[in-house]
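Inspection log for the structure reproduced underneath, given as structure tokens.
Please treat every number below as a calculation from the coordinates, not as lab data. Predicted, not measured: the structure shown is a model, and the values here were computed from it.
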Amino acid sequence: MRGGFRQNAGRRQGFSAKNAEEARRLLSERVAQEIGPISNVLILQAKKGNIHAIKELFDRAWGRTPQAIQVDSNEISGCVINIVKWSEEEKALADKAIDELVG
């Protein structure tokens with residue numbers, strides 16, 4: 001018999017996920033027990049000028065800062081506008097506006 005479904009073939013379902021879940025649980029418990037000494041070391045490293053420690057502390061304490069996205073008008077000049085479910089009048093107005101922009 002070749003191809004198709006074979007009973008008991010392949011990796012056991014969920015086995016690696018179960019192991020990973022157990023590892024996360026154990027690690028989480030251990031970190032919770034040692035959070036004081038770990039945070040003290042992180043703060044000391046930040047005070048010494050360790051940029052990674054500083055970023056980690058700020059990100060954990062106040063969250064990451066949102067990053068602005070800048071779009072240059074030259075970048076969008078070649079975009080294709082997909083007009084869907086517009087009336088004929090709306091299409092004509094859009095075409096006119098595009099013609100005026102393109103010149």
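Structure values in brief
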read-out	value
Stretch gain in nm, segment Val41-Glu29, where the contour uses 0.36 nm per residue and the Cα spacing is subtracted	2.4 nm
Distance cut-off 16 Å, percentage of C-alpha pairs in region 15-62 lying past it	53
Theoretical gain in end-to-end length, Asn8 to Lys91 [0.36 nm per residue, Cα-Cα removed]	24.0 nm
